[in-house]
Amino acid sequence: MKATEPLQVIDSKGGANGYDPGLSEEELLHCYRTMLKVRVFDETCLKLQRSGRIGFSIPNEGIEATQVGAATAMRKTDWLFASYRDFGMALYHGIQPVDMMHNMFGNAADNSRGRQMPVHFTFLEPIRFVSISSPIGTHLPHAVGAAFAAKRRGEDTVAFVSFGDGGTSSLGFHSAMNFAGVWKAPVVFLCQNNGWAISCPSEDQTASESYAIKGKAYGVPGVIVDGNDLLAVRKAVLEAAERARAGGGPTLIECKTFRMGGHSTSDDPTKYIPKEVFDAWRKKDPILRFEKYLKACGLWKKADRARIEGELREEISEAARTAEAVGPPPLETIFSDVYAELPKHLRAQGQAAFDLARRKGDAMAGDGEFPL
Amino acid sequence: MSNLTLIQAVNDALHTTMQADPSVHVLGEDVGKKGGVFLATENLTNEFGEERCFNTPLSEDGIVGTAIGMAMNGLKPVAEIQFQDFIFPAFDQIVSEAAKLRYRSGGQYTAPLVIRTPYGGGIRGGLYHSQSGEAYFCHTPGLKVVIPSTPHDAKGLLISAIEDPDPVLFLEPKALYRAVKGEVPEGHYTVDLSTVREVRAGKDVTVFCYGAMVPVAEKAAEAAAAQGIDTRVIDLRTLLPLDEEAVLDAARSTGRVVVVHEAPRFCGFGAEISALIAEHAIEYMEAPVARVTGFDTPFPNTLEHHYLPDQRRVLDAIERVAHY
């Protein structure tokens, strides 16, 4: 096999080439359900955005197997430094759609208190899904540092960090790969190579023969995986995670996949990606690919896509309705959490903002007496 | 008590906190066996091992970025940036990440790290070993910016910074590393962040300063006193969050103010002090605020003694505001 040929497990007939993923029937069905959940969540957010009820979203269609396959290798005690296109990782680990919707609406129940744009999730439970920031690549060194800390304490915790093909051009990628290599840090670098950084194709990003090969220069093994093949992603990520837990250091995994939509709801990909490319990738749909495997395993009856999608539509619409009904965060949340303790100058600015809102009569419900 | 230089006091603070708290880790370029280019971390590797005080690859972005991750996951990293002039690759990590993590995660994730770095002129370091970049960082909510000027404060403030739950940029005046000596208590003590220090009492003029400008202002104040101008000197020592009330009280007490810093004037920290006084104490003022600062130029090498505010320039400003 050529180094640039991606690792595949599920063949065209749904066979797994003898690979045992080590997942129970229930877990396999959970993978399937999670991929469908991502898609339904996406559809719902697109409708919410198009009807002006939320401002923004990030489509995940086409990337579900990469997200969910990788998520199956993570333990609840691990650290996940996700990108903004990783809904499946959150949902797989039991983060509730309604909690994600609170963020989409930027409401008072949002963990980030409405301070961030939609899609910038932060969760501590049931897995450490670290607060997402918008700058590209800055979170990679954090994963290395968190992994270093875990290793220092003798834990077998792994830090997973997910980023796109564009992210490999960032300063953070270089710093993180270099430090992780030197420190043998237990990190799994997950490069979600969907071929496009907004509108910039890979040839505008790198002259390298692949993204995975970049690991070589840092002493970090690189693996290329078919990102639309959930079991191939699981296999590669699980192996990398096990090596990291055993003290073998970091791995760079390039998951080759395709974004079946725009970069975001503000982007029109038909301007720069030819229709034939979409058509070709549609045939490689990761959910259909996994369905073949479920059929081959005799799990198809239990899968029942139409029923699951119906349930999910109901659940996620309900989540959206619930989140929409929650009001905006109170004014005090502009000033809280800047520091552990509110400094005097912020107290004064907060008081002035509150007094003005009250004087001019535009205080919102929930503003209350400035409490900080 | 021991009589220490400022750099020895920094080393003492690191030593004291590393001994008390096994989560404290020191990282940076050459901080290991060499003990740092200024020897701030001397002997820490010998005493605490390479796991606790270690060299990193030559990458400021990597040093601060990984230190943020360590801080998120329970360690107390004290990262050294060899010269403040080289901190800019890490600017994104400091401004976009460390300073915003608590806010954007609603307190779920925090980055209580300390970044120590020598700043300022006076060592013939030219453009890239002399700058005072405090203003860039003081414009960053979520960050604390601390600058000591005495050995006593260097140790007490650094221990406070390490124990603080928020990210702290600790700027060390390299010109004073070995130029000042003073009594430093043994063991653990802290100097509260966000407090100022009255260096010298006086009722005619207040000089606000920090870092390496404190001894300069002190000498200028002595010279002014010889001419009958009773000059108060305030060491701001924590620029962010600033003790605004203490600044305003001092400004009101004399009605005449001089602000001194090495950094360029335009949008420098002196502008903030001037604006604060204009907004809240204008009715007490007997003279316009005078700023004595570096010029709005890059930092020169051979002529640095003309660039840096000295006793002569500060005294001149004191005289101007006193006789306005």
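Round to a whole angstrom and tell me the spacing of the C-alpha centers of the range A:12-34 and the range B:298-322.
The distance from the Cα centre of the range A:12-34 to that of the range B:298-322 comes to 74 Å.
Out of the range B:203-258, which trypsin sites (Lys or Arg not before Pro) are coil in DSSP terms and have no more than 15 other C-beta atoms within 10 Å?
B:K203
When all alpha-carbon pairs of the range B:162-295 are counted, what percent fall beyond 19 Å?
Every Cα pair in the range B:162-295 considered, those over 19 Å come to 52 percent.
Could you list the residues of the range A:23-64 with an amide nitrogen less than 20 Å from a label point located 7 Å from the Cα of A:A280 in the Cα-to-C-beta direction?
A:61-64
Could you give the alpha-carbon Rg of chain A over 2.2 N^0.38 Å, rounded to two decimals?
1.03
Over the Cα atoms of the protein assembly as shown, what is the Rg over Rh ratio if Rh follows Kirkwood?
Using only Cα positions, Rg/Rh for the protein assembly as shown is 1.04.
Using the Cα centre as the reference, give the magnitude of the dipole from point charges on the C-beta atoms of the protein assembly as shown (Lys, Arg: +1; Asp, Glu: -1; all else neutral), rounded to the nearest 20 debye.
Dipole about the Cα centre, nearest 20: 1300 debye.
Dipole magnitude of the range B:2-184 about its Cα centre, charges +1 at Lys/Arg Cβ and -1 at Asp/Glu Cβ only, in debye to the nearest 20?
220 debye
How would A:K344, A:K184 line up from fewest to most surrounding beta-carbon atoms within 10 angstrom?
Going from sparsest to densest Cβ surroundings: A:K344, A:K184.
Work out the charge dipole of chain A with +1 on the Cβ of Lys and Arg and -1 on the Cβ of Asp and Glu about the Cα centre, then indicate which of A:Q349, A:N103, A:I136 is farthest towards its positive end.
Positive-end residue among those listed: A:I136.
In peptide B:88-96, how many Cβ atoms from other protein chains are near each Cβ within 10 Å, on average?
Average neighbour count from other chains, rounded to a whole number: 3.
Please report the relative contact order for the range B:2-184, taking Cα pairs under 8 Å with a sequence separation of at least 6, and give it as a percent rounded to a whole number.
Taking the mean separation of contacting Cα pairs over the length of the range B:2-184, I get 27 percent.
Contact order normalised by length for chain A, with contacts defined as Cα pairs under 8 Å and 6 or more residues apart; what percent is it?
Relative CO of chain A lands at 23 percent.
Among B:T190, A:A319, B:F86, which residue has its Cα furthest toward the positive end of the charge dipole of the protein assembly as shown, with +1 on Lys/Arg Cβ and -1 on Asp/Glu Cβ?
The one lying farthest along the dipole's positive direction is A:A319.
In angstroms, what radius of gyration and Dmax does chain B have, counting Cα atoms only?
19.3, 59
Need the C-alpha centroid separation for the range B:170-215 versus the range A:131-162, integer Å.
Distance between centres, Cα-based: 37 Å.
Averaged over peptide A:170-182, how many Cβ atoms belonging to another chain are found within 10 Å of each residue's Cβ?
Mean inter-chain Cβ contacts per residue within 10 Å come to 5.
Roughly what % of DSSP beta bridges within the protein assembly as shown run antiparallel, to the nearest 5?
Looking only at bridges with both residues in the protein assembly as shown, the antiparallel portion is about 20 percent.
With everything on Cα atoms, drop me the angle between helix A:139-152 and the longest principal axis of chain A, reported from 0 to 90° to the nearest 10.
80 degrees
Return A:L231, A:L124, B:L308 ranked ascending by Cβ neighbour count within 10 Å, so the fewest neighbours appear first.
A:L124, B:L308, A:L231
Please find the FRET efficiency linking A:A246 to A:W300, where r is the Cβ-Cβ separation and R0 is fixed at 35 Å, and quote it to the nearest 0.05.
Efficiency at R0 = 35 Å is approximately 0.45.
Mind checking the mean number of beta-carbon atoms from other chains within 10 Å of the Cβ atoms in B:237-244?
3
Exposure proxy check: B:L27, A:L171 ranked by fewest other beta carbons within 10 Å?
A:L171, B:L27
Assigning unit charges at the beta carbon (Lys, Arg +1; Asp, Glu -1) and nothing else, what dipole magnitude in debye, to the nearest 20, does chain B show about its Cα centre?
That gives chain B a dipole magnitude of about 360 debye.
Specify the inter-centroid distance of the range B:22-92 and the range A:293-351, based on alpha-carbon positions, in whole Å.
Between the Cα centre of the range B:22-92 and that of the range A:293-351, the gap is 38 Å.
Take every Cα pair under 8 Å in chain B that's 6+ residues apart, average their separations, divide by the length, and report that relative contact order as a whole percent.
Computed over chain B, the figure is 17 percent.
Taking θ = phi - 60°, what integer Hz values does the Karplus form 6.51 cos²θ - 1.76 cosθ + 1.60 yield along the range B:147-153, in sequence order, with x for Gly and Pro?
9, x, 10, 10, x, 4, 5
Could you list which residues have their amide H under 5 Å from that of A:I224, counting only those 5 or more apart in sequence or on another chain, with H placed in the peptide plane?
HN-HN under 5 Å from A:I224: A:L7, A:E254.
No lab work stands behind these numbers, since they all come straight from the coordinates. Note that the structure is predicted; figures quoted are calculated from it, not measured. Heads up, the Cβs are rebuilt from the backbone with ideal geometry, glycines too, and the neighbour counts pull from every protein chain shown.
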